[in-house]
1. Among the candidates A107, A126, single out the residue that is open to solvent by less than 10 Å² (accessible area, probe 1.4 Å), farther than 22 Å from L21 by Cα and among the aliphatic types (A, V, I, L, M).
2. A63 versus (1) surrounded by fewer than 21 Cβ atoms within 10 Å (Cβ to Cβ); (2) at pLDDT 95 or above: which is the lone unmet condition?
3. Checking D3 against (1) open to solvent by 30 Å² or more (accessible area, probe 1.4 Å); (2) in a helix (DSSP H, G or I); (3) without any contact (Cβ under 8 Å) to a residue 60 or more places away in the chain, which test does it fail?
4. Could you tell me whether segment 78-95 includes any residue that is modelled with pLDDT of 95 or more, more than 17 Å from A125 (Cα to Cα) and of a type in the set (A, V, I, L, M, F, W, C)?
5. Does R140 qualify as being open to solvent by 50 Å² or more (accessible area, probe 1.4 Å) and within 16 Å of G4 (Cβ to Cβ)?
6. So the check is Cβ under 6 Å with 6+ separation or different chains; which pairs have a first residue in segment 131-145 that's touching a residue at least 24 places away in the same chain (Cβ under 8 Å) and a second one that's among the basic types (K, R) and open to solvent by 30 Å² or more (accessible area, probe 1.4 Å)?
7. Is there any pair linking a residue in segment 37-49 that is more than 14 Å from H1 (Cα to Cα) to one that is open to solvent by 60 Å² or more (accessible area, probe 1.4 Å) and modelled with pLDDT under 95, with Cβ under 9 Å and at least six apart or on different chains, and which?
8. Taking segment 30-41 as the region of interest, how many residues are under 19 Å from the mean Cα position of the chain (by Cα) and open to solvent by 40 Å² or more (accessible area, probe 1.4 Å)?
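The values are calculated or read from the model by the stated rules, or taken from the named source; none is laboratory data. Note that the structure is a prediction, hence the values are computed from the model and not measured. A quick note on method: Cβ atoms are made from the backbone with ideal geometry, for glycine too, and the neighbour counts reach across all protein chains shown. These area figures cover heavy atoms from the full protein model, side chains too; ligands, DNA and RNA do not enter into them. Shrake-Rupley method; radii C 1.70, N 1.55, O 1.52, S 1.80 Å.
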Amino acid sequence: HEDGLADVADAFGGADKARRLEIMRDSRIGSFGVLALVFAVGLKAAALAGLPGPGVAWAAMAAAAAMSRAVMAPCMAWMHPARTDGLGHGAGRPDALVAAQALGLGAAASVVLLGWGVGLAAVGAAVLAALAVGRVAARRFGGYTGDVLGAAQQAAEVSVLIVVGGMLP
């Protein structure tokens, strides 16, 4: 999913929708993609470094992994594919029930791993991050691609870890 984050960051500079989609297909990474990866990895490392011990860090990473992947199904359900080909289009669009089930499973994992308060805050952070990426993607790309879903996952993962790091002593 890191590749998707980098590709989306690089594509923001494209002059029009067609050029932005073309940039995302390019296998090379540009300066904005590198910066996005550096910031994402740095934020994750900083959030994890501030946690009180390895058990809490494990729980935070597991919750972030579950919740950040759970938000991908709603992104696919509520947005249209930006292309008529590619991985995002080929994956299809889950219906609202499947999207809700994905969110429910991610939320349940977060609450079990982190407790009610921190777990629900993590869920909220992941959903808001994915919504933000989805909103920008709808405007800039006309919908989702596999790269957009990867960027949403990364944004949600970083958000969960920051929330956990900020709420635990």
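1. Only one candidate qualifies: A126.
2. Only one criterion in (1) surrounded by fewer than 21 Cβ atoms within 10 Å (Cβ to Cβ); (2) at pLDDT 95 or above is unmet by A63, namely (1).
3. Tallying (1) open to solvent by 30 Å² or more (accessible area, probe 1.4 Å); (2) in a helix (DSSP H, G or I); (3) without any contact (Cβ under 8 Å) to a residue 60 or more places away in the chain, D3 fails exactly one: (3).
4. no
5. Taking the combined requirement at face value, the residue satisfies it.
6. G142/K17
7. Sorted first by the residue in segment 37-49, then by its partner, the pairs are A47/G166.
8. Adding up the residues that qualify gives 7.
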